[in-house]
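Let me begin by presenting the structure, written as C-alpha cells, before commenting on it.
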Amino acid sequence: MKNWINRMLSSADKAPDAAAGATPQADELGDDHGVQVDAAYYRWLTASGGYQAGADVEEHILDLVRTLAADPQAASGLVPRIPELIPKLLRDLADDDVSTGDLARQVEQDLVLVAEVIREANSAYYRPLQAVKSLDSALMMIGQNGLRMLLARIAFRPLIKMADQGFARQAAPLVWNQSEKCALASSLMAPGLGAGVFEAYLAGLMQNLGLVVAFRLAERAVESGKIPGSSEFGRRLFDVSRGLSSTIAAHWEFPPDVVEAIAGVGQPDASPLAQTLERGDRIAKLRLLLDAHVLLEDDALVTEGLNSFERRCLGKLTDLPG
C-alpha cells in the first residue's frame, strides 16, 4: 500500500485545468451554507430508506461508528485493501522520462482500461474540440497526472461499492458518484488553496469510505434496510464517518497530510488540504442535487454559496465518467 501511494505521488503535476493564481474566497452564506448543503444532500440520499428514529437510536448508531473509528485494525478489516493496480504502469508513471508511446503500449494490454482512458479524455473535464477516438490521443489529452488519477479511481471503485444488501447497497452508487466528483472538485480547488493536487484527489476518493461502513452498521442496529432520515443526524453521521475514513486511511499508511485533512474538515485550524476537501465535497454534493433536479441552477445555495471559481468547478463535474 505504502509503495503504491508513494509511486503515484512521486511525480504528481498540476491539474490540467487548474487556474494559475486563482484563490477561492469564502462563500457568502458562511458556515450555514455547508449545513444547508449537507442537509439537502442527506435528505436526498436517504429518500428511499430514511425513517424517523428516536434520539436513543441515533446516538447508538453514532456511538458504534465512533467506537469503530477508535479501533484501526477492526475498522480496516471491514473493507478490502486497495489492490496493487498494474504495478509496472504505476512505476513508469513515476518516471518523468517515460513516453506516451510507452504508456500506450502498456495500457493497450487491458481493453477495459483502454476504454476508461478514452472515455476520460472525452469527458467534460477535458472538453476536447473533437471526439478522442485513439488511445494515443487520449493519453496525450489526459497526461500522466490524469492517468494517475484515473488509476486511483479504478482502484477505489470496489471499496465504495462493497455493500451487498439493504439501504447501503442502494446508496453505494450515489456515494461513489459523489466521491468521484469530490475528488475531481478538490483537485481543481487545490492549487488556489495551497494544497497538493493528487493529495486532494486521494482525500476526495477516501473520505466517504467510512460513510458506507456507517450505513452498514446502522442497518444492523435498527430496522432492516432503513436508516434514520433526519438532517441533523445526517450532519453528525457525516462528521463521525469522516473520522472513520481517516482511521482507515492511517492504517493503510496514506500520506499523513491526507489522513489529517479527512479528519480536519470543518475544524477552525483546518489545513489547506482540509479546506480544499471541504469545498470539493460541498461542490460535489451540489452537483448531485442539481443533476437530480432537487435544486435549480439559480438556487441561492449555488448563486450565493459559491464564488465564480467554484461555479466553474461545479460545471466541470457535469457528465463525469464513472
Next on the checklist: For the range 115-160, which positions are polar (S, T, N, Q) and closer than 19 Å to Lys316 by Cα?
Outcome noted: Asn122, Ser123, Gln130, Asn145
Next on the checklist: at pLDDT 85 or above and either under 30 Å from Phe215 (Cβ atoms) or surrounded by 19 or more Cβ atoms within 10 Å (Cβ to Cβ) (or both): is that true of Leu90 in this structure?
Outcome noted: no
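Test Gln130 against the stated conditions and say whether it is at pLDDT 80 or above and on the phi < 0 side of the Ramachandran plot.
Judged against the criteria, Gln130 is a match.
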Item to check | Exclusive hit being more than 26 Å from Tyr41 (Cβ to Cβ), surrounded by 16 or more Cβ atoms within 10 Å (Cβ to Cβ), out of contact with any Lys or Arg (no Cβ under 7 Å at 6 or more places or on another chain) and touching a residue at least 60 places away in the same chain (Cβ under 8 Å), set Gly146, Gly194 | outcome: Gly146
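How many residues are at pLDDT below 80 and of a type in the set (A, V, I, L, M) when one looks only at the range 113-127?
First, pick out the residues of the range 113-127 that are at pLDDT below 80: 124-125.
When the remaining residues are screened for being of a type in the set (A, V, I, L, M), the result is 124.
Of the residues in that region, 1 qualify.
The values are calculated or read from the model by the stated rules, or taken from the named source; none is laboratory data. As the structure is a prediction and not an experimental result, all values here were calculated from the model. For neighbour counting, all protein chains shown are included, and Cβ atoms are generated from backbone atoms with ideal geometry for every residue, glycine included.
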